[in-house]
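Take a look at the structure below.
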Amino acid sequence: MDREITPKQQARRKTKIYLLITITLASIAFGFIKFRSIVEPSVKRGAFTTSVAENGVIEATVPASGIITPEYEVTISSPVHAKIEQVLFNAGEKVLAGQSVLRLNKESSLLAFEKLNEEQHVNRNKINQLFLGLQKILNELKTQYSIKQMKISSLETALSHEQSLLNIGGSTDENVKQARLTLNVAQLELTQIKNQIENQKAMMQADLKSLGYEINIREKDIKGVSDKLKNASISSPRNGVITWVNNKIGAEVNEGEEIVRVADLSSFKADASISDTYADEVKAGRMAIIRINKTDLRGNISNVQPAVENGTVKFSINLNNKSSKLLRSNLKVDVFVITSYKEHTIRVKNGAAFNGSQEQKLFVLEGENAVSRKVKIGESNSDYVEILSGIKARETVITSEMQDFIHLSKVKIK
């Protein structure tokens, strides 16, 4: 037989039911939270790098490579064909202006010099012989001219005598004609001798002038060899350091062959090359940055070679601080050519998160979460990236590569 449940019992039963439901809901909620914590995407804070967006200057650059070289380096070539006789300074040693670096054996050049002198003596003898020979011919012609003048004078007298005889009947017209003809022939012969004298004088002057030219040329050759012999003791043209010297004693060197390089290591420049893709960006006067051990040195592009070689354009950079202690001859450096300059921009440090697109997703820290943002990118260089929109100053941006989470809108930071 059923018993009636008292109100007190009913209240107790309801309390148990409510308590059971509460415990069950709490267990479910706790389990859900634990499950969510297990499956929710997260990343450890130490696993990425960040940069705080800031207001600042952005210099857009294009990369290049370079090598540090002395600003002043003199190459000395052998003035004559000779043998290396003595090396007075080796590479790396300091040398003063005017000091001899090496000596050349100039025996072969001395022989050539003596030969030129002998040839010049022969030429001078030739000009004397030519002058005497031509003068002799000229004197003979002048003598013939004088004789012919006297003969003409005699023939003129004879013609006048014949005409006088003809007038008194003591001669004939035939005799007068013959005397006149003989006179005319003599006068023509005199003119011919006169022309020969003028021609001989002109030839004499031309031959002497030609030989004079040859003598002058030889004199210049002799002076040139003499000057080269004086320079056979190779001297430094300025204070500096020997960067290279041909130190092979007894080795033959040809005229014009490089034998010594002297550099002033107190002043440097950079010789750079860049891909021809950026050829339009490399212009004389444009600023460039030289990076050595994370330190930047600035300068200006001084000249650009017009030709492209092996897909690269070569150019030189004059440094603002030419004597920096960081500079070393033949030191390889990173070069950045500045293509544009902007002030008052929002910028963050460059990193793997930036893929070169003008619009992309970046993660920004908000409390304990990294929230995905659509960001518009502007100019960039190796250090900074310009943010045109999507991020404000003082916000913290993840600059590490986050490709595994790019499809998510939010990532928990542990």
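Each value in this text was obtained by applying a stated rule to the coordinates, not by laboratory testing. Note that the structure is predicted; figures quoted are calculated from it, not measured. In this analysis, Cβ positions are derived from the backbone assuming ideal geometry, glycine residues included, and neighbour counts consider all displayed protein chains.
Observations
- Cα centroids of the stretch 338-363 and the stretch 276-331: 24 Å apart.
- Members of K349/K414; K151/K201; K126/K151; K322/K392; K94/K283 lying beyond 29 Å, as alpha-carbon distances in this model show: K126/K151; K322/K392; K94/K283
- Proximal aspartates and glutamates to K314, defined as alpha-carbon separation beneath 20 angstrom and excluding residues fewer than eight positions away on the same chain: E71, E73, D271, D276, D280, E281, D334
- Candidates per GluC sites (Glu not before Pro) in the stretch 344-414, loop by DSSP, up to 12 other Cβ within 10 Å: E368
- Reach of K177 by Cα under 15 Å, taken over aspartates and glutamates that are not fewer than 8 positions away in the same chain: E156, E162
- 3J(HN,Hα) along the stretch 278-290: 9, 4, 5, 8, 9, 9, 4, x, 6, 6, 9, 10, 10 Hz, from the Karplus curve 6.51 cos²θ - 1.76 cosθ + 1.60 with θ = phi - 60°, whole Hz, x for Gly and Pro.
- Scalar couplings 3J(HN,Hα) for the stretch 94-105, obtained by applying the Karplus form with A = 6.51, B = -1.76, C = 1.60 to θ = phi - 60°, are 7, 9, 9, 4, x, 6, 6, 9, 8, 10, 10, 7 Hz; x denotes Gly and Pro.
- Under 13 Å, Cβ to Cβ, from R347 - net charge with Lys/Arg +1 and Asp/Glu -1: -3
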